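Shown next, in structure tokens, is the structure this report addresses.
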Amino acid sequence: MRIIITNLTGDVTDNRRMIPAHGRLISSSAYRAWKEEQIYLVRQQFNKLRCYHATFEDQRPYYVEIWMKNKRTDQANWSKGIRDILTQAGVWSDDKWWYEIGTPCKIDAKNPRAEVYIN
């Protein structure tokens, strides 16, 4: 199964994802809006989503290809957000027993995105 997560721009990653508020860090409004949009789009892509279940005994791999807007973006900052989107969209029941087997990065200034492949 291939899942596409779009609009990977610097507005919702890097240091802009978390902001200080009242002595603690919270997600920025731009990040929250992007995340909600992506959850909706993932559900739309796969309206008959199969919920994958992994366990300690049956840990499951997934593969991510990231197309960044430019070389300055740090792809490592996308991992947690992508996992959260897939969990909240119902692709898998819990991301605890899923592990990434690769995240090669490429440049696509016009369409920054992530493509997630699940067997």
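Each reported figure results from applying straightforward, stated rules to the coordinates on display, with no laboratory input. Please read all numbers here as calculations on a predicted model, not as lab measurements. Counting neighbours? That spans all protein chains shown, and the Cβs are built from the backbone with ideal geometry, glycine included.
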| Dividing the alpha-carbon radius of gyration of the range 53-119 by 2.2 N^0.38 Å (N being the number of residues), what value is obtained? | 1.18
| message | Starting from the 7 Å offset along Cα-to-Cβ, what nm value, one decimal, do you get for the label separation of Q88 and T55? | response | 2.9
| To the nearest 10 degrees, how steep is helix 78-88 against the longest Cα principal axis of the chain, on a 0 to 90 scale? | 50
| For Rg/Rh (Cα atoms, Kirkwood Rh), which listed value, (i) 0.97; (ii) 0.94; (iii) 1.15, comes from the coordinates shown? | (i)
| task | Counting other beta carbons within 10 Å of each Cβ, put W97, W67 in order, fewest first. | result | W97, W67
| field | Ranked list, fewest to most other Cβ atoms within 10 Å of each Cβ, for L25, L86, L41, L8 | value | L25, L41, L86, L8
| request: With a point put 7 Å past each Cα toward its Cβ, work out how far F46 is from W97 in nm, to one decimal. | output: 1.7
| Roughly what angle does helix 29-45 make with the longest principal axis of the chain, taking Cα atoms, 0 to 90 degrees, to the nearest 10? | 30
| What FRET efficiency would be calculated for the residue pair Y117, N70, taking the C-beta separation as r and a Förster radius of 22 Å, to the nearest 0.05? | 0.35
| message | Exceeding 21 Å between C-alpha atoms, which entries from my cross-link table qualify? They are K80/K106; K80/K110; K35/K80. | response | K80/K110
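Please report C51, C105 as a ranked list, fewest other C-beta atoms within 10 angstrom at the top and most at the bottom. Each step should come with its number before you reach the end.
Working: C51 9, C105 16.
Placing the least packed residue first, the sequence is C51, C105.
With +1 assigned to the C-beta of every Lys and Arg and -1 to the C-beta of every Asp and Glu, and no other charges, what is the dipole magnitude of the chain about the Cα centre in debye, to the nearest 20?
On the way: 19 positive and 14 negative charges, 64 e Å.
In total the dipole reaches around 300 debye.
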